[in-house]
Amino acid sequence: MYNETVMEHFQNPRNTGEIENADGIGKVGNPNCGDVMMMYIKIEDGKIADLKYKTFGCAAAIATSSVASEILIGKTIEEAEQLSKMDIVEVLNGLPEAKIACSTIAPDAIRAAIEDYRLKANS
Ligand code: FES
C-alpha cells in the first residue's frame with residue numbers, strides 16, 4: 001500500500017520528540033480520525049532553528065510529519081507557513097489516494113505553532 005520512501009520515514013521518523021521551552025507549540029487533530037500531532041519550534045533570526053514533534057497517528061501521518069520536519073528546519077517563518085500537503089506528498093513520491101488527507105496534519109501543526117509563537121512574542 002505504501003511506497004518505500006513512506007515506509008522508511010514511518011519506520012525511522014526524523015526529529016521526533018519535544019523541545020523544552022519551545023518558542024511555539026502547535027497541537028492539531030485530524031477531525032476525521034482523531035489522530036493528533038504536537039509540534040514544537042525554536043525560532044532564531046526569523047527562521048525555524050529547531051523543530052520536534054509527536055504524532056499519534058497512522059503510518060501516513062507519521063511519515064508526513066517526518067518529511068515536514070526535514071523540509072521546515074531552516075526555513076523562514078513565512079516560508080514555513082506556505083508548506084502544503086502536496087509539498088510533502090511530492091517528497092514521499094506519493095501516497096495512496098485515501099491517505100492524502102493524512103498529510104494535512106503537519107502543515108496545520110506548523111501554522112498553529114507559528115501562531116502560538118506570534119502570540120507569545122507579542123505578549
Ligand atoms: Fe488519521 Fe491518517 S488515519 S491521520
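Quick notes on this one:
- Of the residues G17, T76, I88, the one whose Cα sits farthest towards the positive end of the charge dipole of the chain is G17 (charges of +1 on Lys and Arg Cβ, -1 on Asp and Glu Cβ, taken about the Cα centre).
- Rounded FRET efficiency, nearest 0.05, which uses the C-beta distance separating A101 from E44 and R0 of 25 Å: 0.15
- Summarising the strand pairing of the chain, around 95 percent of its internal DSSP beta bridges are antiparallel.
- Amide H contacts of D35 (H built 1.01 Å from N, under 5 Å, at least 5 apart or other chain): N30
- The calculated P(r) of region 10-65, using every Cα pair and 10 Å bins from 0, goes 24, 49, 24, 2 in percent.
- Inter-label distance, nm, simple model (7 Å from Cα along the C-beta direction), T5/E70: 0.9 nm
- Under the Karplus curve 6.51 cos²θ - 1.76 cosθ + 1.60, θ = phi - 60°, whole-Hz ³J(HN,Hα) for region 60-76, x wherever Gly or Pro sits: 5, 5, 6, 5, 6, 5, 4, 5, 4, 5, 5, 5, 7, 4, x, 7, 6
- Here the spin labels are modelled as points 7 Å beyond Cα on the Cα-Cβ line, and at E20 and E115 they lie 2.9 nm apart.
- Student exercise, the chain dipole from Lys, Arg, Asp, Glu Cβ charges, in Debye to nearest 20: 260 debye
- Our helix-only sum for the chain, with -39,500 (n - 2.57) per DSSP H run of n ≥ 4 divided by its residues, gives a mean residue ellipticity at 222 nm of -12500 deg cm²/dmol.
- Overall Cα dimensions of the chain - principal axes, largest extent first, Å: 46, 26, 23
- Residues whose amide H falls under 5 Å from that of G24, counting only those 5 or more places apart or on a different chain, are I41, with hydrogens built in the peptide plane.
- Net charge of Cβ neighbours under 15 Å - reference Q82; Lys, Arg +1; Asp, Glu -1: -3
- Each of C33, M7, I62 was scored by the projection of its Cα onto the charge dipole of region 1-84, and the greatest displacement toward the positive side belongs to C33; charges sit on the C-beta of Lys, Arg, Asp and Glu.
- Restricting region 7-99 to GluC sites (Glu not before Pro) that sit in a DSSP loop and have at most 12 other Cβ atoms within 10 Å of their own Cβ leaves E18, E20.
Only the coordinates and a few stated rules stand behind these numbers; no lab work does. Not measured: the values here are computed from a predicted model. Neighbour counts are summed over all protein chains in view; Cβ atoms, including those assigned to glycine, are modelled from backbone coordinates with ideal geometry.
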